[in-house]
Structure formats: structure tokens, C-alpha cells
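Right, one structure below, let's go through it.
The values are calculated or read from the model by the stated rules, or taken from the named source; none is laboratory data. Nothing here was measured: the structure is a model prediction, and the numbers come from that model. Cβ atoms come from the backbone with ideal geometry, glycine included; neighbour counts cover every protein chain shown.
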Amino acid sequence: MERTRTLVVAADPLARSGLAALLGRRPELEVVGAVAPGDPPPGGAEVALWDLAGDELPELGRAAAVPPAVALVASEEQAAAALAAGARGLVFRDGGEERLAAALVAAARGLVALDAPLAGWLRPPPAAAAAAGEHLTPRELEALQLLAEGLSNRAIALRLGVSERTAKFHVEAVLGKLGAESRSEAIVLAARRGLVVL
């Protein structure tokens, strides 16, 4: 069996060593390191497990792209913030090692992995998703997807081939139509309504 190379990131040294030991027992995983947020990670990891017992979301946002990050969360609010920060997987702290291992393997394979209770929370009824997307223009939907990928207004402008001012206009229109007060909230609302692929 091919083992998924996993990095453990946690602020608390006991949590870090405990998670590394727990995951190290799994036949499908190989722990390649355990670091604190902000520490330079060892190379070779396919996926990272982030223990969000503290406030490591800014670090998560920087590290979530490579390798993909699975966040260990304590609440729906923390899950929403982790998604907005770039997490590719979410598992509740009481989810157990089977779910955690499955989420890590799935995220390493390019899938979005959500703990079962969170999947229901993020999935809107089909009619609600359709209604939510009806009032966004095709260009706004493009801007929304780029927003969900974590791009700045300048990067969105480059990708869409428009001025930065026009990109900002599209982003503000998206926030207004979704009823969001921030970019993070817009991403979470859009994910709940099935408007973006995270």
C-alpha cells in the first residue's frame, strides 16, 4: 500500500507529538514531520494536518496551497474560517482517527474532504443554490471563483483581463449580492450555496 506523506502542524507541543504518534500508526499514512505554525516545514509532504486549537488561520492561508491542508476544527465557525483561509479538508476534533486519516488521503489526492456533519452544513438545497446564482452575472461568477481561490483584486484583474478597478467593482458586486461583509464571508456563503468549487 502506498502511504500518504503527512505533515503535522500544531502550536501545542503535546498536541503536535500526540497527533504525529496517532497518525504514525496508520498504515495509509507516513508522518514526515511535525512543526509549529510558522516553522519551516520539511519537504516531501503530500498533505498537512493543521490543528486549529489556537489561532493559526493566517499561517493556514499561506500554507494551504502546497501541500493541501486538512484543518482539525472545534466548531462550524472555525470550519468556515478555515475554508475561507484555504483548507482543502475539515474534520471535527472529535471525529476520530479513521475520519482524519480518510480526509488526509482524500485531500492528498486532490479531493475536498469534509466531516459528515459539515458536508450537510455546506450543501444547500438545489433550489436554493440555483436561486442564489441567478442574480450573479457570468463575469461575477468568474470573479467569485477566483476569489475562492484566494486571489487578490490585482490577480483577479490579470486573470480576467480587466483593470484592477473593474475587478474591485466585480468583487464588491459579488459581496453585495451575496449579502457578505467580507471576502471570507462571501466565500463561505458561496460554498454553502454551491456557487464555487473549493
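Residue-wise test of (1) under 17 Å from GLY96 (Cβ atoms); (2) modelled with pLDDT of 80 or more; (3) assigned by TED's automatic domain parsing to the domain that holds GLU97; (4) over 19 Å from the mean Cα position of the chain (by Cα).
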position	(1), (2), (3), (4)
ALA15	yes, yes, yes, yes
GLU28	yes, yes, yes, yes
GLY33	no, yes, yes, yes
PRO42	no, yes, yes, yes
ALA45	no, yes, yes, no
ALA48	no, yes, yes, no
PRO58	no, no, yes, no
ARG62	no, no, yes, no
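Whether any residue in segment 105-112 is of a type outside the set (Gly, Ala, Ser), loosely packed, with under 13 Cβ neighbours inside 10 Å and at pLDDT below 85 is what I want to check. Within segment 105-112, none of the residues are of a type outside the set (Gly, Ala, Ser), loosely packed, with under 13 Cβ neighbours inside 10 Å and at pLDDT below 85.
Could we say that VAL162 is modelled with pLDDT of 85 or more and outside any helix (DSSP H, G or I) here? Walk me through how you get there before you give the answer.
Values: modelled with pLDDT of 85 or more: yes; outside any helix (DSSP H, G or I): yes.
Yes: the conditions hold for VAL162.
Scanning segment 174-198 for residues that are of a type in the set (Gly, Ala, Ser), closer than 18 Å to THR137 by Cα and either within 15 Å of the chain's Cα centre (by Cα) or buried (at least 16 other Cβ atoms within 10 Å of the Cβ) (or both) yields ALA180, ALA186, ALA190, ALA191, GLY194. Among the residues of segment 150-173, those identified as surrounded by 15 or more Cβ atoms within 10 Å (Cβ to Cβ) and over 21 Å from ALA84 (Cα atoms) are LEU160, VAL162, THR166. The sole residue among PRO117, PRO124 that is in contact with a helix residue (DSSP H, G or I) (Cβ under 8 Å, 6 or more places away or on another chain) and either part of a helix (DSSP H, G or I) or at pLDDT below 70 (or both) is PRO124.
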